[in-house]
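Written out below as structure tokens is the structure these notes cover.
The values are calculated or read from the model by the stated rules, or taken from the named source; none is laboratory data. Since we're looking at a predicted model, the values are computed, not measured. Cβ placement follows ideal geometry from the backbone for every residue including glycine, while neighbour counts extend to all protein chains displayed. Only protein heavy atoms, including side chains, enter the accessible area calculation; ligands, DNA and RNA are left aside. Shrake-Rupley method; radii C 1.70, N 1.55, O 1.52, S 1.80 Å.
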Amino acid sequence: MDKFAKLIIDDKTYELPIIEGTEGEKAVDVSNLRTQSGYITLDQGYANTGSCLSSITFLDGENAILRYRGFPIEQLAEHSTFLETAYLLIYGHLPDQTEIDSFSAAFTRFSMIHEDMKQFFNGYPSNGHPMGILSAMIGALAAYYPELMNPNPTKQEIDKITVELLAKIRTITAFAYKKSIGEPFVYPRHDLKYIPNFLNMMFSSPAKPYEIDDVVVRAMQTLFILHADHEQNCSTSTVRLVGSSRANLFASVSAGINALWGPLHGGANQAVIEMLQMIYADGGNYKKYIEKAKDKNDHFRLMGFGHRVYKNFDPRSRIIKARADELFEKLHIHDPLLDLAKKMEEAALKDEYFIERKLYPNVDFYSGIMYKAIGIPVNMYPSMFAIGRLPGWIAQWKEMIESPNMKIGRPRQIYIGNTNQNYTPIEQRATVDPQKRFNPAK
Ligand code: CMC
């Protein structure tokens, strides 16, 4: 039987349909509320707003559950590969041998970028942030595929753009790194799998071939699988919003990369390491920084802590912490930043401020330390997150574009500005407070 919620405004009652998901999540459907009543709902930061119906990822923040297409993240991190998980997210089922073989072969076939695109790298300064370069280059890929610009793409066009993006994001990321350190580009190899191929493009050089270490591959595999999707987060919602205007997938992903860049989202892994390095350089007095994080008059936050949805613990951080220990032990690395991170975590978890607000280490608290051990430079950590998150962005875009109910994303607002004003000539206007005048940074 259909259920309804009742909303009473003044003396009128409105019936709003109740929607229930397969895992028992409930929503009040307000899509027609404005037409019926003239009211909209207001929810800044979309903290309590569902933007779509989705069958890709289930996340229960209270109980620290994360599943891709119903499969627990713990099982995928232990047994799956990044490519298999990408396939699962995008196509909805675990692939059989024929499917994974052709998916994998397509990566080899499409991993090269157009030779002309290499010129782009010459235009960037060597210290340009890799996320800026990555988003620009992914957006620019659209120029090379006019045949994939169809606003109503066919299944085959979606498959093609999917594999082009997944294959090329590695090459672009590795080329940007090589350019930044002044070394020649290393081309993708047909005999290497997805992650070894990326590591080889990053770290091998004519002077010194890179030896692929299974422990490093396993660590990176885990990180990419854990990053692969996280339902309607900031960057994924951006990809959906941009795609909802029927902009192509290159443009939508490029926008997603920019949304991911921020330190409150995928840029947090870089911010965590920079924070740990700063605390270490300051004598390792982490307690001082925990106090700063609690001080409302101080902008400092404990990076890698807290999450909009997880209010118990982030299941991804537990898997990462265990994998970090394994990586450090097998590579015989001792990083004082790992010790510092563990001490900070222990102290914060006992602190009333963090307990009350349910602030736990998130996926980014330990991921940066792992990327550091693998040899990835700090400013590239958000790009690593982007490679990992790409299957999720594609899956979410595909689900949206294939939905018969797809609508352009277009939220409303409550206007709180001036009411009607009359234009005045400049000589009749009052002098503006000098503090508020246009004054760009030098
Ligand atoms: N350090 C200190 N206080 C914090 C922190 C933190 N890292 N995170 C939240 N708080 C406090 C916040 O000041 C607020 O306190 P009060 O209630 O007294 O005003 C309370 O906790 C709730 O915080 P919020 O900012 O309203 O929560 P949110 O859901 O809007 O923000 C967050 C979530 C992840 C942006 C935030 O926790 C944060 O800034 N964390 C640090 C950045 C970070 O690690 N981001 C990576 C997230 S995981 C990767 C991904 O999926 O994006």
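Kindly indicate whether any position in region 174-185 is open to solvent by 10 Å² or more (accessible area, probe 1.4 Å) and in contact with a Ser or Thr (Cβ under 6 Å, 6 or more places away or on another chain).
Checking region 174-185: at least one residue is open to solvent by 10 Å² or more (accessible area, probe 1.4 Å) and in contact with a Ser or Thr (Cβ under 6 Å, 6 or more places away or on another chain).
Scan region 280-300 and give yes if some residue there is among the hydroxyl-bearing types (S, T, Y), farther than 26 Å from I387 by Cα, within 14 Å of the ligand (Cβ to nearest atom) and surrounded by 15 or more Cβ atoms within 10 Å (Cβ to Cβ), otherwise no.
There is at least one residue in region 280-300 that is among the hydroxyl-bearing types (S, T, Y), farther than 26 Å from I387 by Cα, within 14 Å of the ligand (Cβ to nearest atom) and surrounded by 15 or more Cβ atoms within 10 Å (Cβ to Cβ).
Yes/no matrix, rows are residues, columns are (1) touching a helix residue (DSSP H, G or I) at 6+ places or on another chain (Cβ under 7 Å); (2) of a type in the set (K, R); (3) closer than 24 Å to N152 by Cα; (4) free of Cβ contacts under 8 Å to residues at least 24 places away in the same chain:
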residue: L223; (1), (2), (3), (4): yes, no, no, no
residue: H230; (1), (2), (3), (4): yes, no, no, no
residue: N233; (1), (2), (3), (4): no, no, no, no
residue: R240; (1), (2), (3), (4): yes, yes, yes, no
residue: F250; (1), (2), (3), (4): yes, no, yes, no
residue: V253; (1), (2), (3), (4): yes, no, yes, no
residue: I257; (1), (2), (3), (4): yes, no, yes, no
residue: L260; (1), (2), (3), (4): yes, no, no, no
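Quick one: which residue in Q435, Q421, Q413 is open to solvent by 80 Å² or more (accessible area, probe 1.4 Å) and outside any loop (DSSP other than H, G, I, E, B)?
Answer to the check: Q435.
Given the conditions (1) among the acidic types (D, E); (2) open to solvent by less than 100 Å² (accessible area, probe 1.4 Å); (3) within 16 Å of the ligand (Cβ to nearest atom), which single one is not true for E62?
It fails just one condition, (2).
For region 323-337, check the following and say yes or no: at least one residue is farther than 22 Å from Q277 by Cα and without any contact (Cβ under 8 Å) to a residue 24 or more places away in the chain.
Checked region 323-337: no residue is farther than 22 Å from Q277 by Cα and without any contact (Cβ under 8 Å) to a residue 24 or more places away in the chain.
So is R429 loosely packed, with under 14 Cβ neighbours inside 10 Å and within 23 Å of Y46 (Cβ to Cβ) or not?
no
Can you tell me which residue within region 339-363, out of those that are within 10 Å of the ligand (Cβ to nearest atom) and either aromatic (F, W, Y) or touching a strand residue (DSSP E or B) at 6+ places or on another chain (Cβ under 7 Å) (or both), is most open to solvent (accessible area, probe 1.4 Å)?
Y360
G132 - would you say it is assigned to a helix (DSSP H, G or I), farther than 30 Å from G70 by Cβ and among the small types (G, A, S)?
yes
Being open to solvent by 10 Å² or more (accessible area, probe 1.4 Å) and in contact with a His (Cβ under 7 Å, 6 or more places away or on another chain) narrows it down to one of T154, T108, T98, so name that one.
Just a single option satisfies the conditions, and that option is T108.
Just the residues that are assigned to a helix (DSSP H, G or I) and near the ligand (Cβ under 10 Å from one of its atoms), please, taken from region 260-274.
L260, A268, N269, A271, V272
Tally the residues that are assigned to a loop (DSSP other than H, G, I, E, B) and not small (G, A, S), restricting the search to region 176-211.
Residues flagged as assigned to a loop (DSSP other than H, G, I, E, B) and not small (G, A, S) within region 176-211 amount to 16.
Mind listing just one residue for me: the one in region 1-37 that is within 29 Å of I65 (Cβ to Cβ) and among the charged types (D, E, K, R) and, of those, most open to solvent (accessible area, probe 1.4 Å)?
Here the residue is K26.
Which ones in region 239-259 are buried (at least 21 other Cβ atoms within 10 Å of the Cβ) and either closer than 17 Å to P146 by Cα or near the ligand (Cβ under 9 Å from one of its atoms) (or both)?
If the condition is that a residue be buried (at least 21 other Cβ atoms within 10 Å of the Cβ) and either closer than 17 Å to P146 by Cα or near the ligand (Cβ under 9 Å from one of its atoms) (or both), then G243, N248, L249, F250, S252, V253, S254 are the ones that fit.
If you scan region 38-58, which residues turn out to be under 27 Å from G92 (Cβ atoms), exposed (fewer than 14 other Cβ atoms within 10 Å of the Cβ) and hydroxyl-bearing (S, T, Y)?
Of everything in region 38-58, those that are under 27 Å from G92 (Cβ atoms), exposed (fewer than 14 other Cβ atoms within 10 Å of the Cβ) and hydroxyl-bearing (S, T, Y) turn out to be Y46, S55.
List, please: which pairs have Cβ atoms under 7 Å, are six or more places apart or on different chains, and start with a residue in region 140-157 that is closer than 27 Å to T173 by Cβ and end with one that is of a type in the set (S, T, N, Q) and assigned to a loop (DSSP other than H, G, I, E, B)?
That search, which allows pairs on different chains as well, returns A142/N248; L148/N248; M149/N248; E157/N150.
I'd like the full set of residues that are within 16 Å of the ligand (Cβ to nearest atom) and crowded, with 21+ Cβ neighbours inside 10 Å, limited to region 309-323.
The answer is Y310, D314, P315, R316, S317, I319, I320.
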